[in-house]
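Contents: one structure, followed by commentary.
The values are calculated or read from the model by the stated rules, or taken from the named source; none is laboratory data. Note that the structure is predicted; figures quoted are calculated from it, not measured. A quick note on method: Cβ atoms are made from the backbone with ideal geometry, for glycine too, and the neighbour counts reach across all protein chains shown.
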Amino acid sequence: MNTLDPTDVKILLELIRDPRVQIGELSELLGIARNTAQSRVRRLLRAGVLHDGGREIDLEAVGYDVVAFVTIEVTHRELDGVVGALRLLPQVLEVHEISGRGDVWCRVVATDTHNLQSALRQILRIKGVIRTETVLALHTHIPYRTEPLISRLAQAAPGKG
């Protein structure tokens, strides 16, 4: 789905802000008819923009099909400032302080390699960033998941059944 209109984007934002929002609440928040909200959510589901019961957004389906993992080496006294600056970059999805090579690891998305290069340049301009190393994701074989861990907890729980 290449074309999201402003109403589609507003729906996605509300679902991100409150994944449990009901269709009636969604229509009130956006000032649209309940049937419009319902049909838009259904269309986003059919188009693959939404997964997992309509609460998980497929960034590839909305044009962010380049995923990169960036390891950043930073000046340690500037670590908090680097993390704060990374928080302001919308293409940075997650940031972790790490051990081993580098100090910070982040997942970055982009619309194409030129867009990725722009994001990487923004990262390199952050005060305290010494260097970066970028690895492109070619294919996601196992997306982020929690079900196997929770299933294991359920199996180990006393009094199951």
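Here are the numbers for the structure shown:
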| quantity | calculated |
| --- | --- |
| Selection from segment 2-49 of residues that are among the hydrophobic types (A, V, I, L, M, F, W, C), loosely packed, with under 15 Cβ neighbours inside 10 Å and within 17 Å of Leu59 (Cα to Cα) | Val9, Leu13, Ile16, Leu45 |
| Residue check for Val108: in contact with a Cys (Cβ under 6 Å, 6 or more places away or on another chain) and surrounded by 10 or more Cβ atoms within 10 Å (Cβ to Cβ) | no |
| Some residue of segment 125-147 being over 21 Å from Ile57 (Cα atoms), assigned to a helix (DSSP H, G or I), touching a residue at least 40 places away in the same chain (Cβ under 8 Å) and not assigned by TED's automatic domain parsing to the domain that holds Glu56 | no |
| Filter result for the condition that a residue is out of contact with any strand residue (DSSP E or B) (no Cβ under 6 Å at 6 or more places or on another chain), part of a loop (DSSP other than H, G, I, E, B) and surrounded by 11 or more Cβ atoms within 10 Å (Cβ to Cβ), over Leu79, Leu89 | Leu89 |
| Scope segment 111-124; condition of a type in the set (Ser, Thr, Tyr) and part of a helix (DSSP H, G or I); matching residues | Thr113, Ser118 |
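The rows are residues; the columns are (1) touching a residue at least 24 places away in the same chain (Cβ under 8 Å); (2) farther than 29 Å from Arg145 by Cβ.
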{"position": "Leu15", "(1), (2)": "yes, no"}
{"position": "Gln22", "(1), (2)": "no, no"}
{"position": "Glu28", "(1), (2)": "no, yes"}
{"position": "Ile32", "(1), (2)": "yes, yes"}
{"position": "His51", "(1), (2)": "no, no"}
